[in-house]
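Trainee: Take this structure, written in structure tokens, and hold onto it; I'll ask about it next.
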Amino acid sequence: MTPITEVEGRRVALSNLEKVLYPETGFTKAELVHYYATSAGVLLPHLRDRAVSFLRYPDGPQGQRFFTKNVPPGTPEWVTTAEVPRSEGPARMVVVQDLPSLVWAANLVSEFHTHQWLVQAPEEADRLVFDLDPGAPATVVHCCEVALWLRERLARDGITAYPKTAGSKGLHLLAAVRGGSPERASEYAKTLAVEAERALPRLVVHRMTKSLRPGKVFVDWSQNAARKTTATPYTLRARPAPLVSAPVTWEEVAQCRSPAQLEFLAADIDPRVRRYGDLLAGLLDPQAAAPLP
């Protein structure tokens, strides 16, 4: 029998809670649901009003993985959905607005990925994102060096950057922006990626071409495109261990000397939130959004 739990007056079905999803650490589905429920205070504000793509891995990261963009079958009627534009025509996607919806979505066993725009205004970018992806033997340590350069360059345009781990092997930089389309944000991000490559030629590549990437950091500017999504802050990732895409301080970025220093598991997040609060809270203040140059 599938257990039903009540969350803020909504009945949510939970399944296979004893299933071990991450064999490396023995982390179960019950622990995954618990992680999302207890992280709701910092996670929900970054999901709210954004269409969500789910990268689902119901049998763990080593099992089948698949993206769900449209509203999944069996979605409760109380889960918010929104019509969003797509090149092939409008589609309906889930918007995780509250704790019951978050617990329901957690039961699907998912990474959460969101666009850089709100469902109310898909034509306006309210986020700028850079995905710093190291090509072996480069690591997140090299990403940190690039992130510090980008932070300074963005600051010259009046834009405040916030770092978080990818939860895999790289680093993400986010900024709150206004006054431009996703296309405009993409153009601006590409300009900075090209500048970074010029300034740090031994370290940075701005093109995705595989042959250019070994030993360098690919500054992926393309996730600013309207159709693209990025791992949401605080989402778990489908990796061998329950790693989280975790906000970090600039001090941690500057002091990073080994990849392990910027690896955070689900169990690390609550103590970090108690210590720092939401390190990405600055992204949530519309007054603080910088105009796109």
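The values are calculated or read from the model by the stated rules, or taken from the named source; none is laboratory data. From a predicted model like this one, the values you see are computed outputs, not experimental measurements. Neighbour counts run over all protein chains shown; Cβ positions are idealised from the backbone, glycine included. Heads up: the accessible areas ignore ligands, DNA and RNA and are worked out on the full protein's heavy atoms, side chains in. Shrake-Rupley method; radii C 1.70, N 1.55, O 1.52, S 1.80 Å.
Trainee: Whether any residue in the range 55-70 is among the hydrophobic types (A, V, I, L, M, F, W, C), surrounded by 15 or more Cβ atoms within 10 Å (Cβ to Cβ) and without any contact (Cβ under 8 Å) to a residue 60 or more places away in the chain is what I want to check.
Mentor: Looking for residues that are among the hydrophobic types (A, V, I, L, M, F, W, C), surrounded by 15 or more Cβ atoms within 10 Å (Cβ to Cβ) and without any contact (Cβ under 8 Å) to a residue 60 or more places away in the chain, one finds none in the range 55-70, hence no.
Trainee: Counting only residues that are open to solvent by 60 Å² or more (accessible area, probe 1.4 Å) and in contact (Cβ under 8 Å) with a residue 60 or more places away in the chain, which one in the range 25-35 is farthest from G74 (Cα to Cα)?
Mentor: T25
Trainee: Determine whether Y22 is crowded, with 16+ Cβ neighbours inside 10 Å, under 17 Å from T232 (Cα atoms) and touching a residue at least 12 places away in the same chain (Cβ under 8 Å).
Mentor: So Y22 fails the test.
Trainee: Among R272, R202, which is among the charged types (D, E, K, R), over 30 Å from R86 (Cβ atoms) and open to solvent by less than 40 Å² (accessible area, probe 1.4 Å)?
Mentor: Sole residue among the options that is among the charged types (D, E, K, R), over 30 Å from R86 (Cβ atoms) and open to solvent by less than 40 Å² (accessible area, probe 1.4 Å): R272.
Trainee: May I ask you to verify whether L192 is open to solvent by less than 10 Å² (accessible area, probe 1.4 Å), outside any strand (DSSP E or B), out of contact with any strand residue (DSSP E or B) (no Cβ under 7 Å at 6 or more places or on another chain) and not β-branched (V, I, T)?
Mentor: yes
Trainee: Does E83 satisfy being open to solvent by 30 Å² or more (accessible area, probe 1.4 Å) and among the acidic types (D, E)?
Mentor: Taking the combined requirement at face value, the residue satisfies it.
Trainee: Any residue in the range 152-169 that is among the hydrophobic types (A, V, I, L, M, F, W, C), at pLDDT below 95 and assigned to a helix (DSSP H, G or I)?
Mentor: no
Trainee: Please count how many residues of the range 153-189 are without any contact (Cβ under 8 Å) to a residue 12 or more places away in the chain and either open to solvent by less than 50 Å² (accessible area, probe 1.4 Å) or of a type in the set (S, T, N, Q) (or both).
Mentor: The number of residues fulfilling the criteria is 0.
Trainee: Taking the options W250, W221, name whichever one is within 30 Å of G180 (Cα to Cα), open to solvent by 10 Å² or more (accessible area, probe 1.4 Å) and touching a His at 6+ places or on another chain (Cβ under 9 Å).
Mentor: Unique residue meeting the criteria: W221.
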